[in-house]
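Quick note: the coordinates plus some simple rules give every number you see, no bench work behind them. Predicted model, so just to flag it, every value in this text is computed and none were measured. Using ideal geometry, Cβ is built from the backbone for each residue, glycine included, and neighbour counts are taken over all protein chains shown.
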């Protein structure tokens, strides 16, 4: 062995390698993962907002069908306000009193025949106060219906709107001049159909029975349905006490029958004097 070269045994202790500094990768990894989580949450929220607001490229949500609200039916006050301008007061020189309804643009008035059957001059008063003489244009004593032609007309003429048939239980409204109380309104229902009066002056058949209040002076007035359409002409009441007092039963000629008309001089008449 060469001199001067120390042997391993003679060599001094081998110095230890410097310790590796502790690694700090775990906190950085955690921070990175937290950042990714936050970004993911932000993206999820953004996607949800876009979905809620709607995207032009995406199909819109299917609309939900809802029932449309039905129109509110007119009240009795509404019907009265609409139809009263078509109603007239009918008087004769001999003192008969009744009601009529303007049913045409020429001023033709529909009324009960027995109101004008005394043959004396007839006067009509329109809702605006216009007063006029009127002639009996046609009469159907068998149905107690007459039409009048007024000599003069108001500045504004409002013909009533005519309706169809009546049904039992349906609402009805009457406008008339009971006992001289002009433009009175009452309401009730259709109580029955195809009724017959039993009076010494003669019977009427095919009548509408109703329970809206009517009295002498109501005859010839319109029987209206709940929409204000004329469905009949008031002609009679049930009068078990023979005192012309309303007993809860009134009768009207259906409008289709009333419009059939008739010829004659207006004499006779089949209904009780109301």
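Some notes on this structure:
- Contour minus Cα-Cα distance for residue 194 and residue 76 (0.36 nm per residue): 39.9 nm
- Using R0 = 41 Å, the C-beta based FRET efficiency linking residue 205 and residue 84 works out to 0.85.
- Taking every alpha-carbon pair under 8 Å whose residues sit at least 6 apart, region 76-259 reaches a relative contact order of 21 percent.
- Prolate/oblate/rounded label for region 76-259 (Cα gyration tensor, a/c 1.5): oblate
- Extension gain, residue 104 back to residue 243 (0.36 nm per residue minus Cα-Cα distance, nm): 46.5 nm
- Counted by neighbouring Cβ atoms within 10 Å, the residues 186, 219 run from fewest to most as 186, 219.
- Extended-chain gain in nm, criterion 0.36 nm per residue less alpha-carbon gap, residue 93 and residue 137: 14.1 nm
- Each of 210, 251 was scored by other Cβ atoms within 10 Å of its Cβ. Listed from fewest to most, they are 251, 210.
- Exposure proxy order (Cβ contacts within 10 Å, fewest to most) of 204, 224, 181: 181, 204, 224
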